[in-house]
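First the structure, in the form of structure tokens, and then the observations on it.
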Amino acid sequence: MPASTNDAPAEKTRLQAFLAHCGVASRRACEQIILDGRVSVNGAVVTELGTKVGQNDKVCVDGKPVHLENRKCYVLLNKPAGFVCSSSDEKGRKIAADLLRDSYKERLYNVGRLDMYSKGMILFTNDGDFAAKLSHPSSQIEKEYIVETSQDVSEEAARKFEHGLRIDNVFYKCVRCEVLKPRKIRIVLIEGKNREIRRMLESQNIGTRSLVRVRIGNVNLDDLRPGEHRDLTPAEVKGLLELCC
């Protein structure tokens, strides 16, 4: 069974926090959902982030009622290539969260992202506080990837990635880059900007054939196969939160 707690707020709380506790999205994402006019409280659309609500208020997102969830879920999915990390997709692409719908009645959302062509670890939860702590820039949680390339990666290039590169006015820097084979590297990031690894490789005229995230902090992908998922253990959840401190 998933690790669970029953720590839902009993008093009135800010709308974005309430939505996060309902498993709608992370608290930051819920703020944008409110600003976009997608939330109503007791029949009236609300766009004020300071609005406070309680369990007796009727809160809807996109016209659908949302409710506080008693069970907190923490799930690890091995995302296959071809799935996007979003709650919906206007282009009709496959959604990673759909791989969990048969196993969980709770509304789960991804913590962080992998691009459509990348594979490996992605975490899902309905715990807004957990998602906020892991997603905060100060969390400094390591994310490890195994990358297969279309050209050889030299030790010189690996050192460049560790020292940092400025590409199109954006600075990219990894924690470690280890050349396992001429066309296979292990790379560790902390911040994880959009397409960071691919952009660093492209700057050295190196293409990416396969990119798999194999570790997030203290949690490893191990032998979980593509498309499979498992619940995080209480020790893993505790360890991830401790790494955020």
Taking the stretch 116-140 as the region of interest, how many residues are over 16 Å from residue 216 (Cβ atoms) and outside any helix (DSSP H, G or I)?
-> 3
Within the stretch 187-215, residues open to solvent by 80 Å² or more (accessible area, probe 1.4 Å) and in contact with a strand residue (DSSP E or B) (Cβ under 7 Å, 6 or more places away or on another chain) come out as 209
Of 180, 221, 241, 211, the only residue that is among the hydrophobic types (A, V, I, L, M, F, W, C) and over 21 Å from the mean Cα position of the chain (by Cα) is 180
Near pairs, Cβ below 8 angstrom, 6+ apart or cross-chain, from the stretch 55-82 (surrounded by fewer than 18 Cβ atoms within 10 Å (Cβ to Cβ)) to any residue that is among the acidic types (Asp, Glu) = 71/106
Specify the residue that is nearest to the chain's Cα centre (by Cα); the eligible residues are those in the stretch 90-111 that are among the acidic types (Asp, Glu) and open to solvent by 30 Å² or more (accessible area, probe 1.4 Å).
-> 98
Does the stretch 96-103 contain at least one residue that is without any contact (Cβ under 8 Å) to a residue 40 or more places away in the chain, assigned to a loop (DSSP other than H, G, I, E, B) and within 30 Å of residue 210 (Cβ to Cβ)?
-> yes
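The values are calculated or read from the model by the stated rules, or taken from the named source; none is laboratory data. Fair warning: this is a prediction, and the values are worked out from it, not measured in the lab. So basically every Cβ, Gly included, is an ideal-geometry build from the backbone, and we count neighbours across all protein chains shown. Areas reflect the complete protein model, heavy atoms only, side chains present, ligands, DNA and RNA absent. Shrake-Rupley method; radii C 1.70, N 1.55, O 1.52, S 1.80 Å.
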